[in-house]
């Protein structure tokens, strides 16, 4: 038979065991909850990372290939050039006046560099060229790759007629309507009020008493106001 002291001792042992069991169960539940939360967080982080790193795919018709617009530039030459590191990520997609451009087969940042002659990169303004020769637009004029010196004349008073430089106040430019490679100058004004100068191909004629007609396939000035 257990006396009262023995019963009291056993009750204490049982109580301690119950407390240990309860705390153990609570701790196990906490561990499972933390593990589940950690797993969900890890899954969410991976999903976000996957969404962040998944780059859009653009098609470059010139290169006939898909590309990542954050890493490459589609050049009209058919080359996928490397994106310059100086271009911010939010300005790498081609849009209105993009910073990232191609100069030949090389990608460049137009905020810092200039593409000259279609293939040369430099930091300064591109030189003005005429048939590959650099010239000053205030002292010379380039007409269809033919360089003319102004020799002190005012540039705004002169124009080009094909390869010819002429003064607008003195002449008019005639260009054949069927062949633009045929051009010439005619006097702009006549001292006679009965003369109104016009172009027949590159030949001057008086439109008051003559006409420009096609004769045997050739534009020809004929007398009269009709052909």
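The values are calculated or read from the model by the stated rules, or taken from the named source; none is laboratory data. All values derive from a computational prediction rather than experimental measurement. Heads up, the Cβs are rebuilt from the backbone with ideal geometry, glycines too, and the neighbour counts pull from every protein chain shown.
Which residue out of 215, 222 is free of Cβ contacts under 8 Å to residues at least 12 places away in the same chain, touching a strand residue (DSSP E or B) at 6+ places or on another chain (Cβ under 9 Å) and over 30 Å from residue 155 (Cβ atoms)? Step through it out loud before you land on a result.
Working: 222 fails: free of Cβ contacts under 8 Å to residues at least 12 places away in the same chain.
Of the residues listed, the single one that is free of Cβ contacts under 8 Å to residues at least 12 places away in the same chain, touching a strand residue (DSSP E or B) at 6+ places or on another chain (Cβ under 9 Å) and over 30 Å from residue 155 (Cβ atoms) is 215.
Only one of (1) surrounded by 13 or more Cβ atoms within 10 Å (Cβ to Cβ); (2) more than 40 Å from the chain's Cα centre (by Cα); (3) closer than 30 Å to residue 150 by Cβ fails for residue 189. Which number is that?
Only one criterion is unmet by residue 189, namely (1).
In the range 130-150, what count of residues is obtained for those that are part of a strand (DSSP E or B) and at pLDDT 90 or above? First the steps, then the outcome.
First, pick out the residues of the range 130-150 that are part of a strand (DSSP E or B): 130, 133-134, 140-143, 146-149.
Now drop any that are not at pLDDT 90 or above, which leaves 130, 140-143, 146-149.
Adding up the residues that qualify gives 9.
Please work out if residue 142 is buried (at least 16 other Cβ atoms within 10 Å of the Cβ) and farther than 24 Å from residue 212 by Cα.
On the way: buried (at least 16 other Cβ atoms within 10 Å of the Cβ): yes; farther than 24 Å from residue 212 by Cα: yes.
It is true that residue 142 is buried (at least 16 other Cβ atoms within 10 Å of the Cβ) and farther than 24 Å from residue 212 by Cα.
Residue-by-condition table, conditions (1) surrounded by 15 or more Cβ atoms within 10 Å (Cβ to Cβ); (2) in contact (Cβ under 8 Å) with a residue 12 or more places away in the chain; (3) assigned to a strand (DSSP E or B):
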{"site": "152", "(1), (2), (3)": "no, no, no"}
{"site": "165", "(1), (2), (3)": "yes, yes, yes"}
{"site": "185", "(1), (2), (3)": "yes, yes, yes"}
{"site": "194", "(1), (2), (3)": "no, yes, no"}
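Look at the range 64-73 and say how many of its residues are closer than 11 Å to residue 102 by Cα and at pLDDT below 90. Can you show your working first?
Kept after step one, since they are closer than 11 Å to residue 102 by Cα, are these residues of the range 64-73: 72-73.
Keeping just the survivors that are at pLDDT below 90 gives none.
Of the residues in that region, 0 qualify.
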